[in-house]
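> A single structure is presented below for examination.
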Amino acid sequence: MASFDKVITGGEIVTASDRYFADIGIKDGVIAAIGRDLDGAAEVIDAAGKLVLPGGIDSHCHIDQPSSSGAITADDFESGTRSAACGGTTMIIPFAAQHRGQSLRAVVQDYHARAEGKAHTDYAFHLIISDPTDQVLGQELPALIKDGYTSFKIYLTYDSLKLDDRQVLDVLATARREGAMVMIHAENHDVINWLTERLLESGHDAPPFHAVAHAAAAEREATHRAITLAEIVDQPMLVVHVSAKAAIDEIREAKARGLKIYGETCPQYLFLTAHDMDREGFEGAKYMCSPPPRDKANQEHVWNGLTSGVFDVFSSDHAPYLYSGDEGKAQHGHGCGFHRVANGVPGLEIRMPLLFSEGVRTGRLDIHRFVDLCCTRPARMYGLSPRKGTIAVGSDADIVLWDTEKTVTITQELLHDNMDYTPYEGRVCTGWPVLTLTGGEVVYRDGEFVARKGKGRFIPCDLPETAKPLGQSIHGFNPAEGRYAGRYEA
Ligand code: URP
Ligand code: ZN
Ligand code: ZN
């Protein structure tokens, strides 16, 4: 009997810390050996001349997510994970989103039904909490955390999702007690609404005014406030989809003070600007997301945040809302104003190729940092390490071969999602994944998606190390005991 189901030979393995030539032996979907001249395999994959990287983890994407506004995401678990795998991503963490009045447990059950049998990559779920009732925080959430749903996103904006500061504190204190990770969408809701009203009154309803309404100062204020609330409760927190210098400075300063505040950014803040929303007709809607892309100067600050360690993870925030058709952005927004357009851009498939091309190839981003941001750190951030996010004996055989010389011009026809546009149309990338294995099975080879039935599994998350509190609030409040320590220093 062969010792391995597959051996990947002759490639150069790159992890978040190491780079070396070795073969990888795969058995039962798991990396069984790493070494020289491995033989005894039923199948050999020749990786000569290729980099062998861990599969990416996209820890922020919206797949088959029902929205309270009625907007529908174009990708379900089948098309979303197909697109992910073709872009070198082998695990996704989308959101089981609670709408007000819903039971969290029922939301999770419904989301499992949407994923079951469809996914081509493994997946875990974050929760979105929009209704933190006593029942939700006292019973449902603790039970779900124990079942492997150990991270949740909360919002400071959107009418249907926004929590007030008191509710944020309640959620943070629950997360602290249970050991879970909190992700936060930080934009000041009242500022956005106030500015939107003023803009619409003056007839400024076209897509570029979305960026004016979603001012960088509104992002900074909300980021500052969120960090303050997390600090008071002594709860680690990740600020998602950060777009601008002002918010980056808040996160950097919090980290410098020793707080466990984490940052995430996305391709749209490196490769798009607000200027992209200023296009003929309603085309600018294709570039609308929240927070919005800013300007060239802010792009530089985002790059610096990636290289300097302010950002911990690089996710797509893939929010696939079609442009055309009855449900499309154009139909909903044209003549009604930018505020009616579903927020979000697609990016699941091009997340890693774009960062590789513009970061690693240009020498701007160390390749180990690239692996860390896209694969290893997301696994650690959400309690999936060492099973996911690295190449090691015992880890799942989620592996991607990269051709560092392959040049590809991005067009929607080439991508594998269910979208009708990509905001990166025409952009040229050098460095592209050429083979993807998920759980030891080849699902993508040389531009072709080759999997048939979705074999992706739900992976429960452990309580993440990253979510461990510092020990005591510097304000003297001990959330575990629910009382102040009696110190008066601030
Ligand atoms: O515009 C965005 N980011 N849409 C997706 C939803 C979210 O807030 O992440
Ligand atoms: Zn968000
Ligand atoms: Zn999002």
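> Being in a helix (DSSP H, G or I) and open to solvent by 20 Å² or more (accessible area, probe 1.4 Å): is that true of A222 here?
Here the answer is no, as A222 does not meet what is asked.
> Here's another thing I want to ask about it. Could you please give the count of residues in region 159-184 that are more than 19 Å from the chain's Cα centre (by Cα) and within 16 Å of ligand 1 (Cβ to nearest atom)?
Looking only at that region, the number is 5.
> Evaluate region 316-329: report whether one residue or more is more than 22 Å from D76 (Cβ to Cβ) and either more than 16 Å from ligand 2 (Cβ to nearest atom) or small (G, A, S) (or both).
No, every residue in region 316-329 fails to be more than 22 Å from D76 (Cβ to Cβ) and either more than 16 Å from ligand 2 (Cβ to nearest atom) or small (G, A, S) (or both).
> Scan T376, T362 and give me the residue that is away from ligand 3 (no atom under 16 Å from the Cβ), among the β-branched types (V, I, T) and under 17 Å from the mean Cα position of the chain (by Cα).
So the residue among T376, T362 that is away from ligand 3 (no atom under 16 Å from the Cβ), among the β-branched types (V, I, T) and under 17 Å from the mean Cα position of the chain (by Cα) is T376.
> To continue, here is another question. Take A96 and tell me if it is assigned to a strand (DSSP E or B), within 16 Å of ligand 2 (Cβ to nearest atom) and of a type in the set (G, A, S).
Criteria met by A96.
> Are any residues in region 392-420 open to solvent by 10 Å² or more (accessible area, probe 1.4 Å), touching a residue at least 40 places away in the same chain (Cβ under 8 Å), outside any strand (DSSP E or B) and aliphatic (A, V, I, L, M), and if so, which ones?
Of everything in region 392-420, those that are open to solvent by 10 Å² or more (accessible area, probe 1.4 Å), touching a residue at least 40 places away in the same chain (Cβ under 8 Å), outside any strand (DSSP E or B) and aliphatic (A, V, I, L, M) turn out to be A392, V393, L415, M419.
> For C86, work out the one condition from (1) surrounded by 23 or more Cβ atoms within 10 Å (Cβ to Cβ); (2) of a type in the set (A, V, I, L, M, F, W, C); (3) closer than 23 Å to S385 by Cβ; (4) touching a His at 6+ places or on another chain (Cβ under 6 Å) it doesn't fulfil.
Going through the list (1) surrounded by 23 or more Cβ atoms within 10 Å (Cβ to Cβ); (2) of a type in the set (A, V, I, L, M, F, W, C); (3) closer than 23 Å to S385 by Cβ; (4) touching a His at 6+ places or on another chain (Cβ under 6 Å), C86 breaks only (3).
Residues checked against (1) of a type in the set (S, T, Y); (2) within 16 Å of ligand 2 (Cβ to nearest atom):
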position: T157; (1), (2): yes, yes
position: L163; (1), (2): no, yes
position: A186; (1), (2): no, yes
position: A216; (1), (2): no, yes
position: I232; (1), (2): no, no
position: K260; (1), (2): no, no
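> Quick check on F282: is it modelled with pLDDT under 95 and either within 15 Å of ligand 2 (Cβ to nearest atom) or not small (G, A, S) (or both)?
yes
> May I pose another question? Looking at region 23-68, which of its residues are without any contact (Cβ under 8 Å) to a residue 24 or more places away in the chain and either of a type in the set (D, E) or open to solvent by 10 Å² or more (accessible area, probe 1.4 Å) (or both)?
Those that are without any contact (Cβ under 8 Å) to a residue 24 or more places away in the chain and either of a type in the set (D, E) or open to solvent by 10 Å² or more (accessible area, probe 1.4 Å) (or both): D23, G35, R36, D37.
> Would you mind finding the one in H339, H368 that is open to solvent by 10 Å² or more (accessible area, probe 1.4 Å), touching a His at 6+ places or on another chain (Cβ under 9 Å), more than 14 Å from S59 (Cα to Cα) and in a helix (DSSP H, G or I)?
None of the others qualify; the one that does is H339.
> What is the residue count in region 228-261 for residues that are closer than 16 Å to G305 by Cβ and within 16 Å of ligand 1 (Cβ to nearest atom)?
8
> Can you list residue pairs whose Cβ atoms sit under 8 Å apart, with the first residue in region 169-187 being under 14 Å from P469 (Cα atoms) and the second being within 16 Å of ligand 2 (Cβ to nearest atom) and of a type in the set (G, A, S)? Count only pairs 6 or more apart in sequence or on different chains.
Pairs found: A180/S151; M181/S151; V182/S151.
> Right, something else. Going by the structure shown, is R377 open to solvent by 10 Å² or more (accessible area, probe 1.4 Å) and either under 12 Å from I57 (Cα atoms) or part of a helix (DSSP H, G or I) (or both)?
yes
> Tell me, yes or no, whether region 37-53 has at least one residue that is touching a helix residue (DSSP H, G or I) at 6+ places or on another chain (Cβ under 9 Å) and not charged (D, E, K, R).
The answer is yes; a qualifying residue exists.
> While we're looking at this one, here's another question. Would you call F356 in contact with a strand residue (DSSP E or B) (Cβ under 6 Å, 6 or more places away or on another chain), away from ligand 2 (no atom under 16 Å from the Cβ) and at pLDDT 95 or above?
So F356 fits the description; yes.
> With the requirement that a residue be of a type in the set (A, V, I, L, M, F, W, C) and either touching a Leu at 6+ places or on another chain (Cβ under 6 Å) or modelled with pLDDT of 95 or more (or both), what does region 435-490 give you?
L435, L437, V442, V443, F449, V450, A451, F458, I459, C461, L463, A467
The values are calculated or read from the model by the stated rules, or taken from the named source; none is laboratory data. These numbers were taken from a predicted model, which means no experiment stands behind them. Heads up, the Cβs are rebuilt from the backbone with ideal geometry, glycines too, and the neighbour counts pull from every protein chain shown. Side chains included, ligands, DNA and RNA excluded: accessible areas come from the protein's heavy atoms. Shrake-Rupley method; radii C 1.70, N 1.55, O 1.52, S 1.80 Å.
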